[in-house]
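Asker: Provided herewith is a single structure, encoded as structure tokens, for subsequent inquiry.
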Amino acid sequence: MSDLEAPLRPKRKKIWVDYFVQFRWIIVIFVVLPISFTIYFLTYLGDVSSERKSFKRRQKEHDENVKKVVNRLKQRNPSKDGLVCTARKPYIAVGMRNVDYKRARHFEVDLSEFRNILDIDRERMIARVEPLVNMGQITRATVPMNLSLAVVAELDDLTVGGLINGYGIEGSSHIYGLFSDTVVAYEIVLADGSLVRATKDNEYSDLFYAIPWSQGTLGLLVAAEIKLIPVKEYMKLTYKPVRGNLKELAQAYIDSFAPRDGDQDNPAKVPDFVETMIYSPTEAVCMAGKYASKEEAKQKGNVINSVGWWFKPWFYQHAQKALKKGEFVEYIPTREYYHRHTRCLYWEGKLILPFADQWWFRWTLGWIMPPKVSLLKATQGEAIRNYYHEMHVIQDMLVPLYKVGDALEFSHREMEVYPIWLCPHRLFKLPVKTMVYPEPGFELEGRQGDTEYAQMYTDVGIYYSPGPVLRGEEFDGAEAVRRMENWLIENHGFQPQYAVSELNEKSFWRMFDASLYEHCRRKYGAVGTFMSVYYKSKKGRKTEKEVQEAEQAHLEPAYAD
């Protein structure tokens, strides 16, 4: 038997939860989708109302809301009021990890009003936004100006605050890095209620570099200044089918954006956008995009595909057609391209509504897609939640680009999940060592995709039910994630903290570097006020006593080993 063949597993006996999950689409269609559509519509009206306000008025409202946050924190009695948390409901976060840490924190601070675009500065090419501004909202404002954030995460509901404090990536990250790498300034309310502006070269530069991946455990983000880039009206997208074993698919993916001569900064050789979808252990489609003007897109013979219409095939299924028809090129409106995976939540929509990709559903009810992730979580209950933790995988493996073939083979052996999403990103060599950092000495190796100032990484996105589960076989999801996390540690990889993690504290700080983070925790008074990032990411319920005791022992953390 080859290394890539799935091992024989015993059949798994079905329980009542299996049947509930199988027919969950009834609740989704008659409850979740109508409520989701209503919320989307009301949110849109709120966004339109906000856009009609002058920037001066938005700034005035922002200043008033910041004062409320400052006063709220200054009212806190550390000996009585417990740890600080936002008033946002636990299920609202976009991600599989349920927000159990909320149960260990009792002093709430309301940030719900921080959802305005405060300024779009064309001269500085900077957008100043509040943390609850989402990707759909900001592209609706900037793309008509032929401007865009340098990195626009695909799903509409993802917020600026979540992408900064957690993890954000897009097809342009092979040029600009992760979402947090495109931020030029943070406005943070610290534990003592003071408001500071952190940049890479002011007195708060240590805080500036520590904020990404900190999950809001150093202070409360109230605004950010983010890099803008000029864009054109369309994305010229080339779909290229690839066949071979997983190592060969990985190399084709690397070749789709990383010149073999090392000329990684040459725009003539490097596309503006990159992604690859692996549909099976032997088939993939590599996609490379270049911005194109309206005049170019509408030239005779060119194909324009508005993928955002509700009745259109889901994007991942549309791309899969290249395996039959061969390489082809089409032009997609830029904003629709940015959000190409929103309607079907990548391919998770197929599990939630098994028939939602059919033409008759798309034409009749596709206009109310997608369901809000927060409502899916709110209606799943504890049993369903535990079922998904064991029988479902939503994980990202961030690995050095040259190890992507190894990561794909590991994923196949342990999880056998397809499709797989591949998206590259630069991991920059910074003046300080942050929580995630390149391999030491990478710049001396001259590997494909790397430069002197950044190592090329890739996101291996694993989102679906594993093959054994689909075949009705036994599968231990928690154990598979544990093995994945250990593999990442051994291969200098990282796991985004939105996902369910099985790491203990010592292993967590083997994966991430704690030095700058803990320095800033102590320097800026976060210890005893905000929960540490490990406990915020830790799976399962926490008590405030457990977390407070851990905070008291912070001078001897697990990473000291």
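The values are calculated or read from the model by the stated rules, or taken from the named source; none is laboratory data. From a predicted model like this one, the values you see are computed outputs, not experimental measurements. Please note: Cβ atoms are built from the backbone with ideal geometry, for glycine as well, and neighbour counts cover all protein chains shown. In case anyone asks, the SASA skips ligands and DNA or RNA and just uses the protein heavy atoms, side chains included. Shrake-Rupley method; radii C 1.70, N 1.55, O 1.52, S 1.80 Å.
Asker: Can you tell me which lysines have their Cα less than 27 Å from the Cα of Lys325? Leave out same-chain residues fewer than eight positions away.
Answerer: Result set, ordered by chain and number: Lys236, Lys240, Lys247, Lys269, Lys290, Lys294, Lys298, Lys300, Lys312, Lys350.
Asker: Mind listing the long-range amide H neighbours of Glu275? Cut-off is under 5 Å, sequence gap 5 or more, other chains count too, H placed in the peptide plane at 1.01 Å from N.
Answerer: Met287
Asker: Expressed as cubic angstrom per residue, what is the convex hull volume of the alpha carbon set of the chain?
Answerer: It comes to 159 Å³ per residue, whole-number rounded.
Asker: Send over the semi-axes of region 259-368's equivalent ellipsoid, whole angstrom and largest first, taken as the square roots of 5 times the C-alpha gyration tensor eigenvalues.
Answerer: Values: eigenvalues 147, 69, 33 Å².
Calculated on Cα positions only, the semi-axes equal 27, 19, 13 Å.
Asker: Further, regarding this structure: So if we plug the beta-carbon distance of Phe311 and Asp476 into 1/(1 + (r/R0)^6) with R0 = 45 Å, what FRET efficiency do we get, rounded to 0.05?
Answerer: Computed FRET efficiency for Phe311 and Asp476: 0.65.
Asker: How much length is gained on full extension from Asn491 to Ile304, taking 0.36 nm per residue of separation minus their Cα-Cα distance?
Answerer: Result for the pair: 63.1 nm of gain on full extension.
Asker: Would you mind calculating the gained length between Glu445 and Asn266 on full extension (0.36 nm times residue separation, minus the Cα-Cα distance), in nm to one decimal?
Answerer: Gain on extension, Glu445 to Asn266, equals 62.5 nm.
Asker: Can you compute the label reach from Leu365? Point 7 Å from Cα along the Cβ direction, backbone N cut-off under 13 Å, restricted to region 19-49.
Answerer: Residues 23-37 qualify, since their backbone N sits under 13 Å from the label point.
Asker: If you don't mind, another one. Rank-order 475-488, 337-350 by packing density, defined as the average count of other C-beta atoms within 10 Å over each peptide's residues, highest first.
Answerer: 337-350, 475-488
Asker: Tell me, what ³J(HN,Hα) does each residue in region 414-424 have, in order and in whole Hz, if you take phi through Karplus 6.51 cos²θ - 1.76 cosθ + 1.60 with θ = phi - 60° and put x for Gly and Pro?
Answerer: Running phi through 6.51 cos²θ - 1.76 cosθ + 1.60 with θ = phi - 60° gives 8, 10, 6, 10, 9, x, 10, 9, 10, 8, x Hz.
Asker: Taking θ as phi - 60°, what are the ³J(HN,Hα) couplings along region 267-273 by the Karplus curve (6.51, -1.76, 1.60), each to the nearest whole Hz, with x for Gly and Pro?
Answerer: x, 6, 10, 10, x, 6, 9
Asker: Ordering Thr458, Thr379 from largest to smallest accessible area (1.4 angstrom probe), what's the sequence?
Answerer: Per-residue accessible area, sorted high to low, gives Thr379, Thr458.
Asker: Sticking with this one: What is the magnitude of the charge dipole of region 256-309 about its Cα centre, with +1 placed on the Cβ of each Lys and Arg, -1 on the Cβ of each Asp and Glu, and no other charges, expressed in debye to the nearest 20?
Answerer: It comes to approximately 260 debye.
Asker: Say each of Lys324 and Val196 gets a label point 7 Å from the Cα, pointing the same way as Cα to Cβ; how far apart are those two points in nm?
Answerer: Output for this residue pair reads 5.8 nm.
Asker: Next question, about the same structure. For the cross-link pairs Lys377/Lys403; Lys11/Lys536; Lys372/Lys536, which exceed 30 Å when the distance is taken from alpha carbon to alpha carbon?
Answerer: Among Lys377/Lys403; Lys11/Lys536; Lys372/Lys536, the Cα-Cα distance tops 30 Å for Lys377/Lys403; Lys11/Lys536.
Asker: Also, quick follow-up: Which percent of the accessible area of the chain is formed by carbon and sulfur heavy atoms (probe 1.4 angstrom)?
Answerer: 53 percent
Asker: Before anything else, pin down the relative contact order of region 402-528: Cα pairs under 8 Å, at least 6 apart, normalised by residue count, whole percent.
Answerer: So the answer I get is 28 percent.
Asker: Per residue of region 494-503, what does 6.51 cos²θ - 1.76 cosθ + 1.60 with θ = phi - 60° give for ³J(HN,Hα)? Whole Hz please, x for Gly and Pro, Karplus curve as stated.
Answerer: For region 494-503, the Karplus-derived couplings read 9, 10, x, 7, 6, 7, 6, 10, 10, 5 Hz, x marking Gly and Pro.
Asker: If the reach is capped at under 19 angstrom between alpha carbons, list the lysines near Lys80, excluding any in the same chain fewer than eight residues apart.
Answerer: Candidates past the 8-residue exclusion: Lys102, Lys542, Lys545.
Asker: If you don't mind, there's one more thing I want to ask. Where does the chain land at 222 nm, in deg cm²/dmol rounded to the nearest 500, when only DSSP H runs of n ≥ 4 count, each adding -39500 (n - 2.57), divided by all residues?
Answerer: -9000 deg cm²/dmol
Asker: Taking amide H atoms as placed 1.01 Å from N in the peptide plane, list the residues 5 or more away in sequence, or in a different chain, whose amide H sits under 5 Å from that of Val417.
Answerer: Here the answer is Gly467, since their amide H atoms fall under 5 Å of that of Val417.
Asker: How charged is the neighbourhood of Arg260? Take every other residue with its Cβ under 15 Å from the Cβ of Arg260, and add Lys/Arg as +1 and Asp/Glu as -1.
Answerer: Net of charged neighbours comes to -4.
Asker: So, one more: Leaving out same-chain residues fewer than 8 places away, which lysines sit with a Cα under 25 Å from that of Lys53?
Answerer: By straight Cα distance, Lys53 reaches Lys67, Lys68, Lys227.
Asker: What number, in percent, do you get for the relative contact order of the chain if the mean sequence gap of Cα pairs under 8 Å and at least 6 apart is divided by its residue count?
Answerer: Details: 1053 pairs, mean separation 103.7, N = 561.
Worked out over the chain, it gives 18 percent.
Asker: While we're here: How much length is gained if the chain between Lys11 and Leu430 is pulled fully straight, taking 0.36 nm per residue apart and subtracting their Cα-Cα distance, in nm to one decimal?
Answerer: Full-extension gain reported as 145.9 nm.
Asker: Over the chain, with the other protein chains present, what is the accessible area per residue in square angstrom, probe 1.4 angstrom?
Answerer: On the way: 23680 Å² over 561 residues.
Averaged over the residues of the chain, the accessible area is 42 Å².
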